[in-house]
Structure formats: C-alpha cells, structure tokens
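One structure is given below, encoded as structure tokens.
The values are calculated or read from the model by the stated rules, or taken from the named source; none is laboratory data. Remember, predicted model here, so these are calculated numbers, not experimental data. All Cβ positions, even for glycine, are placed from backbone atoms using ideal geometry, and neighbour counts span all protein chains on display. In case anyone asks, the SASA skips ligands and DNA or RNA and just uses the protein heavy atoms, side chains included. Shrake-Rupley method; radii C 1.70, N 1.55, O 1.52, S 1.80 Å.
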Amino acid sequence: MGAGIANIGCMMNMPGKNDIAMLEALERRILWLASWTIHNANHVRPNIDGLKVGGHQSSCASAATLMTALYLNVLEPEDRVAVKPHASPVFHAIQYLLGRQSRANLENFRALGGAQSYPSRTKDADDVDFSTGSVGLGVGVTLFASLLQDYVRLHGLADGRDAPGRMVAIMGDAELDEGNVFEALLEGWKHDVRNLWWVIDYNRHSLDGVVNDHLFGRIRDFFGSVGWNVVELKYGKRLKAAFQGPAGGALRQWIDDCPNQHYSALTFMGGAAWRERLKGDLAGTSGLSELLDGHDDDSLHRLMTNLGGHDMETVLEGFHGVEDDRPHCFIAYTIKGHTLPLAGHKDNHAGLMNPQQMEAFRALNNVPEGQEWEPFANMEIAEKKVRAFLSDVPFAQRETPPAPARFSVPPIAAPVADSMSTQEAFGRILNDIGKADGELARRIVTTSPDVAISTNLAGWINRRGVFHRDDKPDAFREQSIASPLKWDQGPSGQHIELGIAENNLFLMLAAAGISDRLFGARVIPVGTLYDPFVARGLDSLNYACYMNARFIVVGTPSGIALAPEGGAHQSVSSPLIGIAQDGLAAFEPSYADELATILEWSFDYTQRDGSGESEIEWLRDVEGGAVYLRLSTRAIGQPKREIDAATRHSIMAGGYWIREPAPGTEVAIAYTGVVAPEALSAWEQLVEDSPGAGLLAVTSADRLSAGWHAAERSRQHGEGMGARSHVERLLEPLAPDAGIVTVTDGHPEALSWIGGVLGHRVKPLGVEHFGQSGSLPDLFAKYRIDADAILDACAAALIGRHGARPVSKAAE
Ligand SMILES: Cc1ncc(C[n+]2csc(CCOP(=O)(O)OP(=O)(O)O)c2C)c(N)n1
Ligand SMILES: [Mg+2]
C-alpha cells in the first residue's frame, strides 16, 4: 500500500553553495517583507480607529531561516504544514514570493479581507494547510493528520499519490507548555505515527519573558521516550568553527552553561557587552585574547548569535539528514527578534520596530525607498536567477487536490422498538450501516476517547474492526473468552480508538474532517464522547470548526436524565455550545425516527461545499458544515408513524408541531430532546382547559435560531423583505400575546429566545444548576422539568390573559 514508505529527505538533496547563498538572500528578503507588512499595518496605513494593529516582528525573525529552508527547499508538494501562529507574516511573504499571495492582501494584513493575523484555512487566500492561533492545537493536529493519512492510504481512499506527505509543525517553544501537545504525543506513540516533523523554534522566549533553563532537557527526553528522533540544531557553522579555534573549548562550555536570561540580555546589548562578559567570565583562559581580538564588536555579536536555527546550512543539513519515516523533532536554537533591534529583549513578543528602526532595517536589507513591496528590488542576486530558482521550488509545484466527488447517502431507516433511547437508536443505525456495507459504510470512520462501548459504537466496531497500522488480533477472542465486543485491530479497521483525551478526539475530527482537502480522500468522521466532556475539548472543537472540518460528533449521554450517574456527569451548558459554535449544526432529537432523519441529512451535509443543489433554509445549508448530536440513554416510548417529506424538512430546519396548535391559540409548549414524555403528558392535561394548545418538538434550537437570524438580517438589509424563517412560520398560528412554555434538559436559555421571534411571552424551564444523583422522576421534579412544572409554567403563561389558573396537581 505504500503507507509505510518513507517520504524522506536525504543528504543527496542537500543544496550546493550557490543555492545556500540564494536561500540566505531570500531569507533576508522574506524577513524584510514580513517586518514591512507588520510595519505598514501599524505605521503606514491610515489608522481609523486608534487601536494598535499589532503583529509579531520578533516571532517572525526567529522563524525566518527555518521557514525559508522548509518552504523554498525541503518541502515537497504533498507535505502539509502548520505554521507557528505569530509567524504568519513570514508565511505570507513566502507565498508572495512564490506568486501565491497578493500584494493587496499583505498591505491589508490584519485589516478586513486582508492576510490574517494567524494562518487561517478559511480566511486566508494563500493555501494554508492547518489553521493556527490557539497555541498547541496546530501542533497537535499534524499528528492526527499523519494518522489519518495512514488511514486513508491503507483503506485505498487517498488520491493515488505514490508517497505519503510529511505533516510538519513549525512551532514556538512555549507551545510545549500546552498539555494537548503531550496528550497527542502519547496517542501518536500508540498508533505508531509516521512522516511527522515538529520543528521547534527554540528561541527560549514565550509571551511574558524568557523560559526556564534546562526545560528542554526534559522535553528532549520525553520525545525520546515516545519513539521520536530528536535532532538538535544548536550551533551554526561559525560557532562550530570558533569552537575549534583559540579558547574554543571554553567558549563552548560558557555558551552551554549560560542561563537563557543572560544570553538573551547579551544578545540585546550586542558586541561590546559580549566582549566584556567573556573577558570577565573566561579571564585567564588561554587563547581568549586571540579569540576576542579576531573580531570587532559586530563580528563578535554575529558569532555569538550564530545559533543552529539561524544558520541556513546547519538547518538544511538537519532536515536533509533525516533517513527514515520515524517522527522527528528538531530543536532549533534561535533568537527571538534575530537581526532586529528587538533581538533578545524579554519584552519583545509584541514589540514593534519604530519608524527610525525600520528605516535602519530597510538600509540593512538594501531595500530602496519606495520599493518596499518589490519582491526582488536591489537583491544581491540577479532577479532573473531568483525568479528561476523560485519557479523550481518543489513545494511551489503543488496543486490543491481536486475535491473528491460527493456520494449520495442512502435512506437511513429508523430502528423500531416500542421504547428506545436516542443513544441506542444511534448505535443501531450505525450497526445497520455497517452491515449493509455500502459506500457510506466504507467512508465512515468512527473515533472515541475510550468511550466507544458506553456510547453504543460496539455494533459498528464488531462489523468494521479497529484501526491500527499493524494487525493485532483480539487476545480474548483467540482464547475463546466470551465477550460481546470484538477488538481485532488492523489496517482495515474503521474505528480509531483514542485514549481518554477529548482534545485528541476533536483534533482527530479536525484532521479527518479536512481529509478531502488534505489528501483528496472523502471520509465521514463520526466521534463520540460523554456530553459533559464536550467542554473538556471545547477549544479543539472550536479549532476544528474554524478549519471548516466536516464531522459528526455525538455527545451522549447528556443532561440530568443521566440521573444516578451524578452531578458533574450531567451536562447543562452544552445546548448553548451547540447554538453558539459556528460551523456546527446542533441537534437534540427525542425519537429514533427523528435521529434517523437527522443522520441521513448529516451524512450529506458534511459533504457539501457550496456547489450543487441542496435543500435550502439559509445559505449555510449549501455550504455544509459539521454536526453535533446531543443524545440520551433514557429510553422513551416511540411514536408509530411515517415521517413525511414536510415533517422531514421541518425536523432538519429545527422543529415541527407534533401537536398542531389551533389558529389563535393562547398557549403552547415547546420542548427539545429527552423531556418529550413530560411535555406530551403536560400537553395532554393542558388541552383539557386550553383545547387549541400546541406542542412544538424542537429538534435543533441551533438551526431554528440561525434561520431566524438569517431572515432578520435579510429583511434588515432590505434584500429579502419577504424572508420568513422556519420558526416564524411555525409560530404564526399562535395568538400575538400567546404564552409559550419551553422545556429542556439543559440550560433554559437554549429555548427561551423563542419568545423574541414574534414577541410571545415565554416561561422557560430547564436546568440552571449542577445536577446530582437521583432517580429520574426525583431529579426532573427537583429541577422543575417534569409534567407538573410544565403545567405550572403554562398557568403562569396564561396569566395576563385570564389571570392565574393553576393547572398542575402539585399547585392545586
Ligand atoms: C491557547 C493560547 N493561549 C495563549 C495565547 C497567547 N499567546 C500568544 S503567543 C504566546 C507565547 C508564544 O510563545 P512561543 O510559542 O515560544 O512563540 P514565539 O516565542 O516564537 O513567539 C502566548 C501565550 C495563545 N495564542 N493561545
Ligand atoms: Mg518562543
């Protein structure tokens, strides 16, 4: 299959002297352009709001050599890269030189529509592979992308390329403080990930200051213990040569022992300070005078700051020296602000060169005044040669893989039983898909952080197997020990089992959710986790959505309906996450047939790309997105019905009248999810007094409200005066001053907004406080989402029309 074939560099590809000189010249131009881009945004472009625009010139400077080497020499078209967020201007400058980024976008850096502060797959124009910004996540996602790359290659789903690409993270050293990086490393070790490079820009600075000494000793050991090859790029060629000369051994020892803070301060102070310090610290060392006398201050400063990560030849040797497809970590020693007047200063993270400093930097780089944006103006190498070099850059030959065709989703039948939970229905539907073995089954890849069984994936896993690069049979089955679950692992398995780390789940979904665009391979990732722990991985979920990844995530069980399991396992706020999270269509069905309808739609929705015809409630329906299902383990009685086309449409748009209201009715109940029986029971009692009362099943508060907002915007822009959203149409039959009782096993604000749509009076019921252990009736009564509470709220809703009319038995 070739999944194990290494895509490795080798010393044979090591560029010659001329090419190294070319790369060094380009590196200077790239750093110039990146610095100028930031300067232009802050000091040249008119500032219309008085806010600091910002940008990170020092972070760019420390990464310039590494990124030049990678993008202009080492990377191959199939490689995919996550760029350290604060080096975004360096990335854009490189793309600009390669003709893949416009000057207008650079001029508009950090302005509306221009190049983004941090590389963005969705908002940038120049072919970003992985978004970055929330530190650590861009790093972690490369690991899961490499795992996914193996998956699609071993399943024959990739776009037919011969060699796998390397998944590369160019990362800040402080990103290693983020726990998600280590969670990912352990998972990568379990899955034996390959073709993965992490290039650490080890400038020993974070945002607030200089990082701990010797921390990297620990980090190096950690990488080693999970099977990575660690390559240190510590000294440049000039320093290495000096180590062989007079006082060389002592100089090396001095540098090795120098605390990070001191080295940084000396870097900031420059040549004279280095001289003084070395004279003092190495007094009496033989050869010291010869060493120091051989350099003027500038030359001594250049020598002392000649670290591996700024020495093109050393960097290239490091990258081209890789001999296998094992994961590689490069610890590249760099200087934050290298070659800038900000170099080494502990406060330089957000520091900007002032106009005078920028002027000096322009002169240093031989950039003629007025030609700041001209990519090749006054370079020491002839423009023709530079252009020829750039047009041969391997990475520049890359083309975005064509989007793999969408496939049509077969009808999904609802599992049938008198009573069932949505979680059970989910498991049975996946099991049926797995059994049918069609294209949908082949494209689904499931993943779960150690809760595959308790989220009901067992049936699917039994049919489709567990993924691993190597065959690992189930020892329990080999020993004929009875178990309902087969755990045969191998390259054809379709479930990727993760350890308990919800960050990893969402980064896995992020990587798998863009595999059509990364690898030309269409998969439908389905992840499951306990609903409260959505919050544990929330930033990674946000990150996945920001990359426009396509996946289905199932949060189950959820809410206080999880009764005896106890407080912190009972999710309260997740419905609000479902509403607020961009790029994620959230559903909370009550019945198995609703879930089947939603899943059928979701398998298509996750494939949409803005082209073709789709059932449209508003724009996002054409573009598609990810899906979040909030499910429950509470079994409830199932309606016996066929879902017709109109109901199907309504379920997808967010809700339908499961009991139609009479025109002009004065009261209605709107519920979502697992409280359907309570809502129905309350409604049955309510209609005895209010015969026209309606019962609204809300399948997606998220889509209902999104449709409402879209229609509002359209009307307010004056484009679509006649725009009517689904929720507006649903609520039209109610009397203008009708009361609506909303009820949900989650935060009441998930539904209470419904009163704002047409100005109805809402009595919202839901859970505002931590749950606790208890029986379901006890908890529903205590948290006031049972039928009695609903009836009491209906009575309150009717006040103002007919005065107080207590309805529940409890209130009588
Ligand atoms: C999750 C997260 N927390 C905080 C920040 C704010 N922040 C931006 S950069 C940074 C420090 C970065 O240091 P490092 O990774 O070493 O980058 P470099 O020194 O190369 O700029 C911090 C804390 C962030 N972007 N993301
Ligand atoms: Mg740093």
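Structure values in brief
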read-out: Among beta bridges that DSSP assigns inside the chain, antiparallel share in %, nearest 5; value: 15
read-out: Amide H partners (placed H, <5 Å) of Ile636, local residues excluded; value: Met420, Ser421
read-out: Per-residue HN-Hα couplings for region 439-454 [Karplus 6.51, -1.76, 1.60; θ = phi - 60°; Hz; x = Gly/Pro]; value: 4, 4, 4, 5, 8, 6, 10, 9, 8, 7, x, 6, 10, 4, 6, 6
read-out: Region 558-603: radius of gyration and largest Cα-Cα distance (Dmax), Å; value: 12.8, 34
read-out: Over region 412-458, relative contact order from alpha-carbon pairs under 8 Å, at least 6 apart, %; value: 43
read-out: Of the trypsin sites (Lys or Arg not before Pro) in region 31-115, those whose Cβ has at most 15 other Cβ within 10 Å and which sit in DSSP loop; value: Lys52, Arg100
read-out: Long-range HN-HN contacts of Ala169 with modeled amide H, under 5 Å; value: Ala82, Trp197, Trp198, Val199
read-out: Gyration tensor verdict on region 743-793 (Cα atoms; rounded if a/c is under 1.5, prolate if a/b is larger than b/c, oblate otherwise); value: oblate
read-out: Of the DSSP H helices in the chain, those whose Cα atoms cover at least 18 Å axially and whose Kyte score averages -1.0 or more; value: 17-39, 57-69, 137-154, 422-436, 592-605, 676-689
read-out: Amide H contacts under 5 Å for Ala585, placed H, 5+ residues apart; value: Ala626, Val627, Tyr628
read-out: Filter on Lys279/Lys336; Lys190/Lys237; Lys123/Lys234; Lys84/Lys384; Lys237/Lys279 - keep pairs with C-alpha separation over 28 Å; value: Lys190/Lys237; Lys123/Lys234; Lys84/Lys384
read-out: Region 444-584: Rg to Rh, with Rh as the Kirkwood radius over Cα pairs; value: 1.00
read-out: FRET efficiency for Asp297 and Asn378, using Cβ-Cβ distance with R0 set to 25 Å, rounded to 0.05; value: 0.40
read-out: Under the Karplus curve 6.51 cos²θ - 1.76 cosθ + 1.60, θ = phi - 60°, whole-Hz ³J(HN,Hα) for region 626-640, x wherever Gly or Pro sits; value: 9, 9, 10, 10, 9, 10, 9, 9, 7, 6, 10, x, 9, x, 9
read-out: Pairwise Cα inverse-distance average, inverted: Kirkwood Rh of region 1-129 (Å); value: 15.7
read-out: Under 13 Å, Cβ to Cβ, from His155 - net charge with Lys/Arg +1 and Asp/Glu -1; value: +3
read-out: Highest-first arrangement of 37-43, 233-239, where packing means the average Cβ count within 10 Å; value: 37-43, 233-239
read-out: 3J(HN,Hα) from dihedral phi, region 368-373, Karplus parametrisation 6.51/-1.76/1.60, rounded to Hz, x for glycine, proline; value: x, 4, x, 10, 4, 8
read-out: Carbon + sulfur, % of accessible area of region 614-719 - ligands and nucleic acids excluded, 1.4 Å; value: 52
read-out: Relative contact order [Cα under 8 Å, 6+ residues apart], the chain, whole percent; value: 11
read-out: Of the GluC sites (Glu not before Pro) in region 355-394, those whose Cβ has at most 12 other Cβ within 10 Å and which sit in DSSP loop; value: Glu369, Glu380
read-out: Ratio Rg/Rh [Cα only; Rh per Kirkwood] for the chain; value: 1.05
read-out: Solution diffusion estimate, µm²/s, Stokes-Einstein, region 91-170, Kirkwood Rh from C-alpha pairs, 25 °C, viscosity 0.890 mPa s; value: 172
read-out: Residues Asp609 and Lys234, FRET efficiency given R0 of 56 Å [Cβ-Cβ distance, rounded to 0.05]; value: 0.75
